[in-house]
Amino acid sequence: MISQDDLAALLERLCPMFVLLDQSGHVQQVGPTLQKLRPDQPMAGQRFLELFELMRPRSISTMPGLLAVSGAKLHLQFRDEPHTALKGIIVPLPDDAGAVVNLSFGISILDAVRDYALTSADFSGTDLAIELLYLVEAKSAAMEASRTLNLRLQGAMIAAEEQAYTDTLTGLKNRRAMDHILERLTTSSASFALMHLDLDFFKAVNDTLGHAAGDHVLQQVARVMVEETRGDDTVARVGGDEFVLIFNGLQDKVRLDSIASRLITRLEEPIPFQSDVCRISASIGTVQSSQFNTPEPAEVLHAADLALYSAKRSGRACHHFYDRSMSDLMGTSALSKGETQDHT
Amino acid sequence: MTEAANLGLVEFEAMLMYDDSMTLQVLEAMAEELGRPLPEVLEDLGTYLVSNPNTEALRRLLRFGGVNYVEFLHSLDDLPDRARLAVSDLSLPSLELDEHAQNEFSLTCHPGLPGFESVMIGVLRAMADDYGALAMLEHSGSRGASKVISITLIETSFAEGRSFDLGATAR
């Protein structure tokens, strides 16, 4: 039979976190790594269950109780701070000579190497602790690299989306953005009003003063429309000289009419361009979401189109609200099919 | 650099897969820009990967290979497997360390990544510094399609070296 000292010497090399217990459950010897966790507190001589609290299986408080769960996985923690969690297994020695407990860190390994400044020399050569630490760091490094890549890609995506939804000449939203917003408003059954605005005499500016003048006029028009609307309203350029304005939560006809009149008045102000002065006006058709039971984007745009058409027919610079009698005066609307349409 | 390499893209991302020929174009453009031969640039790249604070995580991962430089050299056989543990689609050419005498080693870099042996010379030189060892490294020709690096260890504890604390995490 191997002597206790020889056994301890053997265990020290194979499992540096062993505990050798006598019959009464007192610690006789401990492995160097385990003792390193409590450098100022020699473990030998203390009662094992006073050093460690058995978390699972619970309510074991005696040595015979411990021996009865021999072979099962034990979950323990230190009774004093830091309560590092440990896993263990207890095996009785022959002839009722006590028992050997082998402990390891399990998942608490990350905190343990930091809390106790452990080095690779503290682990047995067959212990996978170092590989586990390696893996954790390798994965963190790879994740970090992926995360920064994702952030950059997300930034690029936001910029690309912004660009895809913006009319580059005026900085207003474009047709695609307007379609998205209208889709969102109709599916969420939000209340809103939609204006379809078409510039009058714009073609004349383009024809007589050239495209540079036309572009300048469009930019000024865009500025006016942004100034005359609220921050959460939508102003989109949906065609050459066609615009759609969407007013969130606004249904009041008096207010809508005054906004439309003000827009027309301001758009009629002469726009200087180099040595020339450009004069345009606008016609507007307005529709309210409350005019439909369940508004569909195509339906709403078609209605706004009809109102605009009606406004154009009564001369320039007019604003008309949509009403049901207008239906199909003009057949299928080009705007509701997603094409631009020249009313001028 | 990406412009000079005529890649048709602005960013060359660390975590994305590119065609090998594209990688080579970037490296050649880099060598041209620096006005130095490519193998030298690749050695510097290897040194950078270990010694620059930006890539501290990589230095730490390499230090997990062993407690001293010799143990680290022996861990190189496992390097491709270790790399694959971290990033599953990162495959490095296999490496083989031979010990000829107590202080004489050679490292065979098997084919698969042209110029990898130059990067490894930079890495091994910087890791010698990291461990505080004094080592001489040089290309010593080819063996078939493989490239061989000779390593002469002059002193294992020449200098203090940099500390490696298991519990610290890279930045």
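The values are calculated or read from the model by the stated rules, or taken from the named source; none is laboratory data. Fair warning: this is a prediction, and the values are worked out from it, not measured in the lab. Virtual Cβ from ideal backbone geometry, glycine too; neighbours counted across all protein chains shown.
Scan the range A:254-270 and tell me whether some residue there is hydrophobic (A, V, I, L, M, F, W, C) and in a strand (DSSP E or B). Give the steps one after another, and end with the answer.
Keep residues of the range A:254-270 that are hydrophobic (A, V, I, L, M, F, W, C), which gives A:254, A:256, A:259-260, A:263-264, A:267.
From what's left, in a strand (DSSP E or B): none.
No, the conditions are met nowhere in the range A:254-270.
For A:Thr33, the requirement of being hydroxyl-bearing (Ser, Thr, Tyr) and crowded, with 16+ Cβ neighbours inside 10 Å is met.
All of (1) within 14 Å of another protein chain (Cβ to nearest Cβ); (2) surrounded by 12 or more Cβ atoms within 10 Å (Cβ to Cβ); (3) farther than 17 Å from B:Gly115 by Cβ hold for B:Pro80 with one exception: (3). Take A:Asp252 and tell me if it is modelled with pLDDT of 90 or more, within 19 Å of A:Asp198 (Cβ to Cβ) and of a type in the set (D, E, K, R). Criteria not met by A:Asp252.
As for the range A:85-108, it holds no residue that is surrounded by 17 or more Cβ atoms within 10 Å (Cβ to Cβ), of a type in the set (Val, Ile, Thr) and closer than 22 Å to A:Leu133 by Cβ.
For (1) within 12 Å of chain A (Cβ to nearest Cβ); (2) under 21 Å from B:Phe164 (Cβ atoms); (3) surrounded by fewer than 15 Cβ atoms within 10 Å (Cβ to Cβ); (4) of a type outside the set (A, V, I, L, M), each residue gets a yes or a no:
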{"residue": "B:Glu71", "(1), (2), (3), (4)": "yes, yes, yes, yes"}
{"residue": "B:Val87", "(1), (2), (3), (4)": "yes, no, no, no"}
{"residue": "B:Leu92", "(1), (2), (3), (4)": "no, no, no, no"}
{"residue": "B:Ala101", "(1), (2), (3), (4)": "no, no, yes, no"}
{"residue": "B:Gly112", "(1), (2), (3), (4)": "no, no, yes, yes"}
{"residue": "B:Leu134", "(1), (2), (3), (4)": "no, yes, no, no"}
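Applying a threshold of 7 Å to beta carbon distances and a minimum spacing of six or more residues, or different chains, the list of pairs starting in the range A:116-139 at a residue that is more than 9 Å from chain B (Cβ to nearest Cβ) and of a type in the set (S, T, N, Q) and ending at one that is buried (at least 18 other Cβ atoms within 10 Å of the Cβ) and not in a helix (DSSP H, G or I) reads A:Ser124/A:Cys15; A:Ser124/A:Pro16.
State whether the residues of the range A:142-154 include one that is in contact with a helix residue (DSSP H, G or I) (Cβ under 7 Å, 6 or more places away or on another chain), over 30 Å from A:His180 (Cβ atoms) and either of a type outside the set (Asp, Glu) or assigned by TED's automatic domain parsing to the domain that holds A:Met17 (or both). Looking for residues that are in contact with a helix residue (DSSP H, G or I) (Cβ under 7 Å, 6 or more places away or on another chain), over 30 Å from A:His180 (Cβ atoms) and either of a type outside the set (Asp, Glu) or assigned by TED's automatic domain parsing to the domain that holds A:Met17 (or both), one finds at least one in the range A:142-154, hence yes. Scanning the range A:175-198 for residues that are at pLDDT below 95 and either assigned to a strand (DSSP E or B) or of a type in the set (Phe, Trp, Tyr) (or both) gives no hits.
For the residues A:Val221, A:Val205, the requirement of being more than 30 Å from B:Gly167 (Cα to Cα), out of contact with any Ser or Thr (no Cβ under 9 Å at 6 or more places or on another chain) and in a helix (DSSP H, G or I) singles out A:Val205. Note on the range A:241-260: residues that are touching a helix residue (DSSP H, G or I) at 6+ places or on another chain (Cβ under 6 Å) and of a type in the set (Gly, Ala, Ser) total 0. Of all the criteria given as (1) farther than 30 Å from B:Ser21 by Cβ; (2) acidic (Asp, Glu); (3) assigned to a strand (DSSP E or B), the one not satisfied by B:Asp129 is (3).
A quick yes/no check of all residues on (1) surrounded by 16 or more Cβ atoms within 10 Å (Cβ to Cβ); (2) within 14 Å of chain A (Cβ to nearest Cβ); (3) more than 15 Å from B:Arg63 (Cβ to Cβ); (4) among the acidic types (Asp, Glu):
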{"residue": "B:Glu104", "(1), (2), (3), (4)": "no, no, yes, yes"}
{"residue": "B:Val123", "(1), (2), (3), (4)": "yes, no, no, no"}
{"residue": "B:Tyr131", "(1), (2), (3), (4)": "yes, yes, no, no"}
{"residue": "B:Ser146", "(1), (2), (3), (4)": "yes, no, yes, no"}
{"residue": "B:Ile151", "(1), (2), (3), (4)": "yes, no, yes, no"}
{"residue": "B:Phe158", "(1), (2), (3), (4)": "yes, no, yes, no"}
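Beta carbons closer than 9 Å, at least 6 apart along the sequence or on distinct chains, pair a first residue in the range A:148-164 that is more than 26 Å from B:Asn54 (Cβ to Cβ) and among the aliphatic types (A, V, I, L, M) with a second that is modelled with pLDDT of 90 or more and part of a helix (DSSP H, G or I) for A:Ala164/A:Arg176; A:Ala164/A:Ala177.
In the range B:96-110 there is no residue that is within 27 Å of A:Leu132 (Cα to Cα), at pLDDT below 95, touching a Leu at 6+ places or on another chain (Cβ under 8 Å) and in a loop (DSSP other than H, G, I, E, B). Within the range A:257-291, being loosely packed, with under 14 Cβ neighbours inside 10 Å and within 40 Å of the chain's Cα centre (by Cα) holds for one residue alone: A:Ser290. Any residue in the range A:204-212 that is surrounded by 14 or more Cβ atoms within 10 Å (Cβ to Cβ) and closer than 20 Å to A:Tyr322 by Cα? No.
Scanning the range B:48-57 for residues that are in contact with a helix residue (DSSP H, G or I) (Cβ under 8 Å, 6 or more places away or on another chain) and either at the interface with chain A (Cβ under 9 Å from one of its Cβ atoms) or among the polar types (S, T, N, Q) (or both) yields B:Ser51, B:Thr55, B:Ala57. Checked against (1) touching a residue at least 12 places away in the same chain (Cβ under 8 Å); (2) more than 13 Å from every other protein chain (Cβ to nearest Cβ), B:Arg60 passes all but a single condition, namely (2). Among all positions in the range A:67-77, there is at least one residue which is in contact with a Ser or Thr (Cβ under 7 Å, 6 or more places away or on another chain), away from every other protein chain (no Cβ under 14 Å) and under 19 Å from A:Gln41 (Cβ atoms). For the range A:50-65, which residues satisfy the criterion of being under 15 Å from A:Phe78 (Cα atoms), surrounded by fewer than 18 Cβ atoms within 10 Å (Cβ to Cβ) and at pLDDT 90 or above? Answer for the range A:50-65, where residues must be under 15 Å from A:Phe78 (Cα atoms), surrounded by fewer than 18 Cβ atoms within 10 Å (Cβ to Cβ) and at pLDDT 90 or above: A:Glu50, A:Glu53, A:Met55. Evaluated against (1) crowded, with 18+ Cβ neighbours inside 10 Å; (2) under 20 Å from B:Glu155 (Cβ atoms), B:Ala57 falls short on exactly one condition, (2). When you scan the range A:155-177, do you find a residue that is surrounded by fewer than 17 Cβ atoms within 10 Å (Cβ to Cβ), touching an Asp or Glu at 6+ places or on another chain (Cβ under 8 Å) and facing chain B (nearest Cβ under 8 Å), even just one? There is no residue in the range A:155-177 that is surrounded by fewer than 17 Cβ atoms within 10 Å (Cβ to Cβ), touching an Asp or Glu at 6+ places or on another chain (Cβ under 8 Å) and facing chain B (nearest Cβ under 8 Å).
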